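Asks: Provided herewith is a single structure, encoded as structure tokens, for subsequent inquiry.
The values are calculated or read from the model by the stated rules, or taken from the named source; none is laboratory data. Fair warning: this is a prediction, and the values are worked out from it, not measured in the lab. Counting neighbours? That spans all protein chains shown, and the Cβs are built from the backbone with ideal geometry, glycine included.
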Amino acid sequence: MPWLLCRDCATLIDAATAACPTCGSQRTLGHPELASLSIAHVDCDAFYASVEKRDAPHLAPLPLIVGHPGGRGVVTTACYIARRFGIRSAMPMFQALERCPEAVVIPPNMAKYKAVSSEIREIFRAATPIIEPVSLDEAYLDLADEHRLRGTCAAEALAEIARRVEREVGITVSIGLAANKFMAKLASELRKPAGFSVIGEAEAIAFLAPLSVRKIHGVGSATAKRMEEAGFNTIGDLQALPAQALVARYGKFGSRLAQFVRGEDSRTVTPDRPTKSISAETTFRRDTSRFDELLETGRGLATRVAAQLARKGLAAGTVVLKLKTADFKVVTRNRRLAHPTQKAAVLSESAEALLAREVDGRFFRLLGIGAADLRPAVEADPVDLFGFAEQGGTAPIMRDQG
């Protein structure tokens, strides 16, 4: 049975029609699986920039960049007008302004964005309690019958969410509806801004086949490069391999990869996801190659990370060093600890060892220290045989990872 959804009045229609019989709108969405799919990805459109334009309507027709305007800043978000000039997130600000000198630059206001994000989450909660935030501006929702609080199906509830966000918050969202998280995320990216796209189970394999392997969840640039060097450029290339071959090539990730390339995803929408990493970073006023300056800055960052670990009741199993070179290349190095720690001295000592290998005359513009492989605080810094906690930075270290 063909289904149509009116995006203006959030009515589901079970007949083919040119206009909504309820409100007369021709802004309808049709799909044969529209009434049966229940997993959604909702993404705010150019979130920070949209909030700033909402609060300053005179900026609406202008190219707007949110980011620190200094010469060493980077673009946090660019509105869709600015994106036409090739401006994108994480681009150095000086490059963005070279492409669009007339762009308006506004520094980010995180307190305001967090408040707006909370408003949007409340609208989500009116539709379902099963919400998995990904960031301030995006989330997964499970709108299956047993969870959904409004609407006769997920599509109706999502159309109402979009209407409420636009009416009550003053910005737009793009929605992807599918059978699982991976496909819902892809769907939400199809028709931005203010889009609503559906990818059904029946079409998933054909939809994925021509896409780049870089679209697969969990495939980063390094893995994608290895795949491409092996002749796997599209997801269709990987679909041709049996699951056993993917496991043989890519190990543990191969079994999940076998799911993804066929449009399957066993991950559930999980509210309040546990923290996976904690980090702190800083951009230097001037690029530096001095080990002593990098080291002193790293110690301060390690102290900040240790404080965050303590507040969250967590401990670091791996220390992460992040560097950004003067030409904006990012270098990341990891060191796994023999046991978890909350100590700033241990974090600092581990980062120092990693840093010593990278300081080779290159100039760096950014330094970051992070904690990964997080464990409960009760596992941190175990006592020795005599009942004393290990001191300072003496925690044994297992291995480095490039």
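Asks: Filter region 253-307 for residues that are more than 27 Å from residue 358 (Cβ to Cβ), aliphatic (A, V, I, L, M), in contact (Cβ under 8 Å) with a residue 40 or more places away in the chain and assigned to a helix (DSSP H, G or I) and give the result.
Replies: Scanning region 253-307 gives a single hit, 257.
Asks: Name the residue that is farthest from residue 282 (Cα to Cα), counting only residues in region 330-361 that are among the basic types (Lys, Arg) and in contact with a Lys or Arg (Cβ under 9 Å, 6 or more places away or on another chain).
Replies: The extreme case among them is 336.
Asks: Another question about this same structure. Would you check which residues across region 312-353 are over 26 Å from the mean Cα position of the chain (by Cα) and of a type in the set (Gly, Ala, Ser) and list them?
Replies: Within region 312-353, 338, 344, 345, 348, 350, 353 meet the criteria.
Asks: Something else now. Scan region 182-233 residue by residue and report those that are surrounded by 15 or more Cβ atoms within 10 Å (Cβ to Cβ) and part of a strand (DSSP E or B).
Replies: 196, 197, 198
Asks: Further, regarding this structure: Identify, please: which residue in region 253-283 is modelled with pLDDT of 95 or more and of a type in the set (Asp, Glu) and is, among those, surrounded by the most Cβ atoms within 10 Å (Cβ to Cβ)?
Replies: In this case the residue turns out to be 265.
Asks: Within region 113-132, work out how many residues are over 17 Å from residue 45 (Cβ atoms) and either part of a strand (DSSP E or B) or within 22 Å of the chain's Cα centre (by Cα) (or both).
Replies: 10
Asks: Output the number of residues of region 319-343 satisfying the condition of being loosely packed, with under 15 Cβ neighbours inside 10 Å and farther than 26 Å from residue 93 by Cα.
Replies: Going through region 319-343 one residue at a time, the tally reaches 1.
Asks: Of the residues 171, 161, only one is in a loop (DSSP other than H, G, I, E, B) and surrounded by 14 or more Cβ atoms within 10 Å (Cβ to Cβ); which?
Replies: Sole residue among the options that is in a loop (DSSP other than H, G, I, E, B) and surrounded by 14 or more Cβ atoms within 10 Å (Cβ to Cβ): 171.
Asks: Can you tell me which of (1) assigned by TED's automatic domain parsing to the domain that holds residue 179; (2) modelled with pLDDT under 95 is the one residue 38 doesn't meet?
Replies: Result: residue 38 fails condition (2) only.
Asks: Within region 234-252, track down each residue that is farther than 24 Å from residue 190 by Cα and surrounded by 16 or more Cβ atoms within 10 Å (Cβ to Cβ).
Replies: Matches in region 234-252: 241, 246, 247, 249, 250.
Asks: So in region 344-362, with the set limited to residues that are hydrophobic (A, V, I, L, M, F, W, C) and more than 18 Å from residue 308 (Cα to Cα), which one is surrounded by the most Cβ atoms within 10 Å (Cβ to Cβ)?
Replies: For region 344-362, the residue satisfying everything is 354.
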